[in-house]
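Down below is the structure, laid out as structure tokens.
The values are calculated or read from the model by the stated rules, or taken from the named source; none is laboratory data. All figures in this text were calculated on a predicted structure; none of them were measured in a lab. Neighbour counts run over all protein chains shown; Cβ positions are idealised from the backbone, glycine included. Each accessible area value is taken on the protein alone, full model and side chains, heavy atoms only, with ligands, DNA and RNA left out. Shrake-Rupley method; radii C 1.70, N 1.55, O 1.52, S 1.80 Å.
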Amino acid sequence: MHRWLAPMLYRVHYNEPESAPPTDIQPFTFSSPAQGDAYDFSVTLQRTARAAGKRARVVLDDEMPEAETVLQRACEEVRPITRRFAITEAGAAEQAANTRLADLSGSMAGVYRWTVRAEVNVPDEVRQLNRDAYRKQHDIKSKAAAALLDIESTDRVRQKWQEFFATVEGSAGVMQAIQLTADPKKLPQVITDLIERREKGAQELLGTVDKIMESYRTVDMLDLVVRNDTVLRQTLKLLGLPVPPLEDETVLVNGM
């Protein structure tokens, strides 16, 4: 306790002013020109001081000149780097500036070992221009995406309808299936209709067979055979195929 109070009591006794408190190592922001000098980047430098492997957050009054020298050196290095980049290329300018500052970290040493990191930003005016451009690009991309989605969706619907119609054309019971899709409660009626249709078709088929058999009973069988053979031979000739020789009709007649 005595050692802590002694210096203060000494200053009070001899009316000496109190020493200034340590100064925080604050960020420093300055304007650095972009390519063409039409706009300036806003550059913020973050300084870090280390001694014996530990980070110092404040510097004493007599150490401020060293901190200011580091700051001035960093500004001098960053300024020509930002001039190489357009105002819309803040990210690239920041990366290049930090690469250069990292290379200098070994040479910026005194009481402390200093490292400096740069944050490069665009002014509000350019930021608004970027927002407007981004909004326009976003609208264009959104409209294009919506149009493509509409085309793709329409094409999928078209394919499904084509598949549906292909199924309809090849299915005998498609109408009943559609009815049941719309109202499954119609199943008993649909089954009844199918049975009635099948019975009706069978009766019509039997009637057709009866008519064919009746016609065979009344026709001259010899005439029927001769006519069929003549039609077959004419067809073979039209197709350019060899026609077998005509057998002796007397055998057929005698056999009858």
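Give me the strands (runs of 3 or more DSSP E) completely within region 12-64, filtered to those with at least 1 residues that are at pLDDT below 75, ordered by residue number.
Values: elements: 28-33, 40-51, 54-56.
So the answer is none; nothing clears 1.
Go through (1) open to solvent by 80 Å² or more (accessible area, probe 1.4 Å); (2) at pLDDT 75 or above and name the single condition D155 misses.
The number of the failed condition is (1).
Tally up the residues in region 27-41 that are of a type outside the set (S, T, Y) and open to solvent by 40 Å² or more (accessible area, probe 1.4 Å), please. Reasoning before the result, please.
Just the residues of region 27-41 that are of a type outside the set (S, T, Y), to begin with: 27-28, 30, 33-38, 40-41.
Narrowing the set further to residues that are open to solvent by 40 Å² or more (accessible area, probe 1.4 Å) leaves 27-28, 35-38, 40.
The qualifying residues number 7.
Regarding region 42-61, can at least one residue be identified that is small (G, A, S), surrounded by 13 or more Cβ atoms within 10 Å (Cβ to Cβ) and within 39 Å of the chain's Cα centre (by Cα)?
Yes: one or more hits.
May I ask you to list the residues in region 169-185 that are more than 18 Å from R198 (Cβ to Cβ) and modelled with pLDDT under 70?
Result: E169, G170.
Restricting attention to region 87-143, and to residues there that are within 18 Å of Q72 (Cβ to Cβ) and among the β-branched types (V, I, T), which single residue is most open to solvent (accessible area, probe 1.4 Å)?
Result: V111.
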